[in-house]
1. Take the conditions within 13 Å of chain A (Cβ to nearest Cβ), assigned to a loop (DSSP other than H, G, I, E, B), touching a residue at least 12 places away in the same chain (Cβ under 8 Å) and within 15 Å of the chain's Cα centre (by Cα) and apply them to residue B:61. Does it pass?
2. Going by the conditions given, is residue A:64 within 14 Å of chain B (Cβ to nearest Cβ), in contact with a Lys or Arg (Cβ under 8 Å, 6 or more places away or on another chain) and assigned to a strand (DSSP E or B)?
3. Suppose we keep only residues that are within 15 Å of the chain's Cα centre (by Cα) and surrounded by 18 or more Cβ atoms within 10 Å (Cβ to Cβ) within region B:1-28. Which one would you say is farthest from residue A:46 (Cα to Cα)?
4. Quick test for you: out of A:37, A:45, pick the one residue that is modelled with pLDDT of 95 or more and closer than 28 Å to residue B:9 by Cβ.
5. If a residue has to be closer than 20 Å to residue B:73 by Cα, of a type in the set (A, V, I, L, M, F, W, C) and not in a strand (DSSP E or B) to count, how many in region B:3-58 make the cut?
6. Taking the conditions exactly as written (within 11 Å of another protein chain (Cβ to nearest Cβ), of a type outside the set (D, E, K, R), within 30 Å of residue A:107 (Cα to Cα) and out of contact with any Asp or Glu (no Cβ under 6 Å at 6 or more places or on another chain)), does residue B:83 satisfy them or not?
7. What are the residue pairs meeting all of these: first residue in region A:49-70, first residue within 13 Å of residue A:30 (Cα to Cα) and modelled with pLDDT of 95 or more, second residue among the β-branched types (Val, Ile, Thr) and surrounded by 10 or more Cβ atoms within 10 Å (Cβ to Cβ), Cβ atoms under 6 Å, and 6 or more apart or on different chains?
8. Within region A:43-61, how many residues turn out to be assigned to a strand (DSSP E or B) and under 29 Å from residue B:36 (Cα atoms)?
Amino acid sequence: GEQVEQLPSILRVQEGSSASINCSYEDSASNYFPWYKQEPGENPKLIIDIRSNMERKQIQELIVLLDKKAKRFSLHITDTQPGDSAMYFCAPNNAGAKLTFGGGTRLTVRP
Amino acid sequence: EAAVTQSPRNKVAVTGGKVTLSCNQTNNHNNMYWYRQDTGHGLRLIHYSYGAGSTEKGDIPDGYKASRPSQENFSLILELATPSQTSVYFCASGRTGAVDTQYFGPGTRLLVL
């Protein structure tokens with residue numbers, strides 16, 4: 001199956017600064033690149049995604065960048081707030097086939 | 001929003017006992033998935049299904065069986081539960097052939113004593 005590497009596993013930032021998480025994958029057929037946020041005791045929820053025909057997508061403070069040639073995509077959270085503290089997962093995949101999630105990044109935003 | 005429900009939400013089982021975790025989705029999605037998540041870690045795929053009557057092995061299927069009797073329902077079965085299966089289990093559904101997200105259920109906390 002798809003091999004997915006997500007880094008860093010732990011990320012601590014100061015409120016108001018930016019946070020960046022990277023995801024590398026191996027399957028060149030991957031064409032859908034979502035990011036999920038999971039708050040403590042909750043289920044993972046999609047926060048932003050990008051498809052293979054795009055290189056950049058922004059929703060408010062969330063930015064996703066995709067480099068298909070390098071087989072990696074990244075999540076950038078600008079102007080972080082304490083409410084951004086959570087686990088984040090990437091899950092590159094191909095048209096609804098079996099997903100492989102990255103190992104997760106625990107983000108802590110310090111006030 | 002997509003609706004995926006799981007039951008029970010919490011379960012305590014004894015070693016060697018049989019446990020059945022149930023998942024229901026009302027999205028008419030073909031694909032359904034079972035994951036486990038251990039504290040502070042990512043999601044690992046146990047079994048998945050492409051539709052009623054189909055079950056496929058995921059990345060960590062040993063010790064688990066799955067059943068998909070209908071489009072809406074997907075069960076995970078632990079025939080002989082072991083303490084190593086103590087975890088949080090998430091069910092998810094998604095569309096076939098569509099570049100799309102998965103929708104997760106609320107999770108089931110299983111403790112095997």
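The values are calculated or read from the model by the stated rules, or taken from the named source; none is laboratory data. All of these numbers come straight from a predicted model, not from anything done at the bench. Reconstructed Cβ throughout: ideal geometry from the backbone, glycine too, with neighbour counts over all protein chains shown.
1. Details: within 13 Å of chain A (Cβ to nearest Cβ): yes; assigned to a loop (DSSP other than H, G, I, E, B): yes; touching a residue at least 12 places away in the same chain (Cβ under 8 Å): yes; within 15 Å of the chain's Cα centre (by Cα): yes.
The answer is yes for residue B:61.
2. On the way: within 14 Å of chain B (Cβ to nearest Cβ): yes; in contact with a Lys or Arg (Cβ under 8 Å, 6 or more places away or on another chain): yes; assigned to a strand (DSSP E or B): yes.
For residue A:64, the condition - within 14 Å of chain B (Cβ to nearest Cβ), in contact with a Lys or Arg (Cβ under 8 Å, 6 or more places away or on another chain) and assigned to a strand (DSSP E or B) - is met.
3. If we take residues in region B:1-28 being within 15 Å of the chain's Cα centre (by Cα) and surrounded by 18 or more Cβ atoms within 10 Å (Cβ to Cβ), then B:19 is farthest from residue A:46 (Cα to Cα).
4. Details: A:45 fails: modelled with pLDDT of 95 or more.
Result: A:37 is the single residue among A:37, A:45 that is modelled with pLDDT of 95 or more and closer than 28 Å to residue B:9 by Cβ.
5. So the answer is 2.
6. Numbers: within 11 Å of another protein chain (Cβ to nearest Cβ): no; of a type outside the set (D, E, K, R): yes; within 30 Å of residue A:107 (Cα to Cα): yes; out of contact with any Asp or Glu (no Cβ under 6 Å at 6 or more places or on another chain): yes.
When the stated conditions are applied, residue B:83 does not pass them.
7. From region A:49-70, the pairs are A:66/A:50.
8. Quick first cut of region A:43-61, residues assigned to a strand (DSSP E or B) only: A:45-51, A:56-59.
Cutting the leftovers down to under 29 Å from residue B:36 (Cα atoms) gives us A:45-51.
Here the count works out to 7.
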